[in-house]
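Report on one structure; see the data block that follows.
The values are calculated or read from the model by the stated rules, or taken from the named source; none is laboratory data. What you are looking at is a predicted structure, and each value in this text was computed from that prediction instead of being measured. Here Cβ is always computed from backbone atoms with ideal geometry, including for glycine, and neighbour counts include all displayed protein chains.
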Amino acid sequence: MKQQKSLKGLTIVSLILLTLVFQVSAESTIPSIGVIANATVDEGDDVYLDCPITNKTAASKVQWFRVLPGYLHISNDGSLVTKNTEKYGVRATTTTSVKQQELNTVTLIIKHASNADVGRYRCRVLISQVSYPRWPSKDAFVSIAAPPMILSVSNTKMVSAVGEDVTLTCRGYGAPEPTITWYKGDAGTNIMGHGEVLHLENLRAGDGGEYRCEVDNGVPPKAMETYHITIEQEPMCSAPQLHVMQAKNIFQPALMTCHVTGYPVPKVSWKRYTIHGIQTIFTSKYDIHNIMPKDNSGVITSVLKVYNVTSSDYGTYICEGTNDIDKCTSEVRLLESRLCVGPRCDSQADPSDSSSDHPRTVTTPSPSDDDDDETQHGQKAPHKDNGGIVMVPSVLTTSVLLLFVFFVTK
């Protein structure tokens, strides 16, 4: 009796040991699944989802399912389970790697894909004698190619001030997943950043303007959204040269320069002080050239040219910048110079516009024959006779007269 009990206990222990050994052996050869790529196709094309398996054994089985939306068991290894053979297909292939490792690939085929086929698919390896939670599985997502779109944007126009921060948000979607690029201006060459969010910190006047969010996934057309940022800054005027020298001439104009900043972009004008008060410059004698900024400096350079400089042009000129917030002014004085300033000053000065800067040649007329003009010392010049000979007493005659007077008085 005791021997029978001993044999029964030994049998049970042996069975347990065998089960453990088999389980350890099975777990040591659990198959693994490689990378399964998501698939995006044009509507009507076929979809191919590859499920690569290593360490596949006879006790394992590769299965394909559709898990979202709905649930559908499609295949086991190379055989279809579903009856919908017009929509699905499956194939199993075996290859050997360089390391002599066997690789099994089970490919799910979705025929003539449409929007109804969009969803999540799962490849799973069923393993006998291994608990369900430990069965390896991986998912892939199938989508139909669709051009990108941008979710509604609540605010595309913003007003800020210099020194503040602004955040722009642009969310897009499409199949495949799109990339988002930010540009400054219309040219599409000044890239500001990538991703859904663009941060603009410590704004300057030149940072205002148009920003564009471009969403692209390779499926035309691209999606775009434009944002407008207005940076309010009161205008500021400055003159790099407060005094400009120029001589009177008709060849080289006088040039006066003024720098103006501000946003919205200020309107620049020139005025001058006259005997009638401050007057705006607008005649053809003047030319105003405003150079708008090409970078983020936000500086407008305004150049005033005064042609055919004369005495009436000298004085004080006013550069004025105006926008919706305020206005600014800066003064430049045009002063007379003895020398012409500029590249065209080799030309002769205007002869009709004489000046103390250009010395005058004074010509004194010769006296006429009948005039009794005085010399430079206040004496009258000696007369000439009809023959034109000047009558001057000789030294000998003078000496004889002096001796005669001496003896007579004695």
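Assorted remarks:
- The set of residues in segment 84-108 that are among the charged types (D, E, K, R) and either modelled with pLDDT under 95 or surrounded by 15 or more Cβ atoms within 10 Å (Cβ to Cβ) (or both) comprises LYS87, LYS99, GLU102.
- A single member of ALA175, ALA140 is out of contact with any Ser or Thr (no Cβ under 8 Å at 6 or more places or on another chain), within 30 Å of ARG122 (Cα to Cα) and hydrophobic (A, V, I, L, M, F, W, C), and it is ALA140.
- Conditions (1) without any contact (Cβ under 8 Å) to a residue 12 or more places away in the chain; (2) not assigned by the TED database to the domain that holds GLY195: number failed by ASN155: (2)
- Residue satisfying condition, being among the β-branched types (Val, Ile, Thr), in contact with a strand residue (DSSP E or B) (Cβ under 9 Å, 6 or more places away or on another chain) and over 20 Å from PRO343 (Cβ atoms), within set ILE250, ILE291, ILE275, ILE300: ILE300
- Condition met for MET292 (farther than 13 Å from LEU334 by Cβ and touching a residue at least 24 places away in the same chain (Cβ under 8 Å)): yes
- Meeting the requirement of 3 or more residues that are at pLDDT 95 or above, hydrophobic (A, V, I, L, M, F, W, C) and surrounded by 17 or more Cβ atoms within 10 Å (Cβ to Cβ), the strands (runs of 3 or more DSSP E) wholly within segment 250-297 are 254-263.
- Per the conditions (1) farther than 30 Å from ILE150 by Cα; (2) touching a helix residue (DSSP H, G or I) at 6+ places or on another chain (Cβ under 7 Å), the sole criterion not satisfied by ILE231 is (1).
- GLY174 vs. criteria surrounded by 12 or more Cβ atoms within 10 Å (Cβ to Cβ), over 23 Å from the mean Cα position of the chain (by Cα) and outside the structural domain of CYS123 (by the TED database): yes
- Subset of segment 227-241 [at pLDDT below 95 and of a type in the set (S, T, N, Q)]: THR230, GLN233
- Segment 150-169, subset of a type outside the set (A, V, I, L, M) and over 13 Å from LEU200 (Cβ atoms), residue surrounded by the most Cβ atoms within 10 Å (Cβ to Cβ): THR156
- Scanning segment 84-97 for residues that are under 27 Å from ASP42 (Cβ atoms), outside any strand (DSSP E or B) and within 54 Å of the chain's Cα centre (by Cα) gives a single hit, LYS87.
- Among the residues making up segment 206-223, those that are closer than 30 Å to ALA175 by Cβ, crowded, with 16+ Cβ neighbours inside 10 Å and of a type outside the set (Gly, Ala, Ser) are TYR211, ARG212, CYS213, GLU214, VAL215, ASP216, ASN217, VAL219, LYS222.
- The listed residue being at positive phi and of a type outside the set (Gly, Ala, Ser), out of ASN217, ASN202, ASN290: ASN202
- Scanning segment 298-316 for residues that are surrounded by 14 or more Cβ atoms within 10 Å (Cβ to Cβ) and free of Cβ contacts under 8 Å to residues at least 24 places away in the same chain yields a single hit, TYR314.
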